[in-house]
Amino acid sequence: MSGGDADRDHDLDLAVRLLAGTPTHEGRDPLLLRQWALAAEEFGARLSPAAMSARIVEHQDGGLAEGLLARYRSRPAQIELYVDTIEHAERIVDERGWRAWFPEGSVRAAALAHERAHEHLHHARVRAEFKRALGHTALRLGRRRVYAHVAGADELAAHAYARVACGLGRSPLLLTEALAVAVTPPDRAVHPYRAVHPDRSEK
């Protein structure tokens, strides 16, 4: 297996772990989670967001304290970037020797691309297409299917879009996990992904 194939498998394993640790997925078949993770990543890698309409707001601090790298808000539409967390993530890249995967400045670019994907996924048409791609059936009415939301899948799609859009060697999910562990106090049990990028209640 080539290094590229092995890296993609490792990224997919991280994606499955994210879904497995997401509420509502307790006890689900790991093969089903892997199927959803793969579908979400493939969908995200194909995304073509229109020109960004959200306003970009940069906060110099507060990100590490709140466990936030970036956040998309729909009302009003804006993307918040946390400079202190971005700079900390860049230091982690250097410390772990990941610079070949995440070039200088790519953390900010990936965070912005990730939130652009969330803005795009917020549109009803795109959400419906995403649900069909995941194939999680909530209800059957004759030949008609009603597709359900898969918690955590939008995160995977956004990470996949950011990886492709920024030309990264690995999924930003790898860095997100490392960053979450680094900023989580040892006496507090916080899911490593949600510590950095929590669900958005406004969606």
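Structure notes:
- Rounded FRET efficiency, nearest 0.05, which uses the C-beta distance separating V146 from D7 and R0 of 35 Å: 0.45
- Beta bridges per DSSP with both ends in the chain, % antiparallel, nearest 5: 65 percent
- Residues of segment 146-161 with amide N under 20 Å of a point placed 7 Å along Cα→Cβ from T24: 146-160
- Considering only alpha-carbon pairs that sit under 8 angstrom and 6 or more positions apart, the relative contact order computed for the chain is 27 percent.
- Cα centroid separation - segment 127-180 against segment 1-70, whole Å: 7 Å
- Heavy-atom accessible surface of the chain: percent carbon and sulfur, 1.4 Å: 52 percent
- Long-range amide H partners of Y147 with built H, under 5 Å: A138
- Prolate/oblate/rounded label for the chain (Cα gyration tensor, a/c 1.5): prolate
- Computing FRET efficiency as 1/(1 + (r/R0)^6) for L32 and A124, where r is the C-beta to C-beta distance and R0 is 25 Å, gives about 0.45.
- Between E104 and A182, residue separation times 0.36 nm minus the direct Cα-Cα distance comes to 26.1 nm.
- Remark: relative contact order (segment 70-138) = 32 percent; criterion is Cα-Cα distance under 8 angstrom and separation of 6 or more residues.
- Probing with 1.4 Å while keeping every protein chain in the model, the per residue accessible area of segment 96-176 equals 47 Å².
- Mean Cβ neighbour count within 10 Å, used as a protection proxy, ranking 70-79, 56-65, 147-156, 170-179 highest first: 170-179, 147-156, 70-79, 56-65
The values are calculated or read from the model by the stated rules, or taken from the named source; none is laboratory data. All values derive from a computational prediction rather than experimental measurement. Here Cβ is always computed from backbone atoms with ideal geometry, including for glycine, and neighbour counts include all displayed protein chains. To get the accessible areas, we keep the full protein, side chains included, count just its heavy atoms, and leave off ligands, DNA and RNA. Shrake-Rupley method; radii C 1.70, N 1.55, O 1.52, S 1.80 Å.
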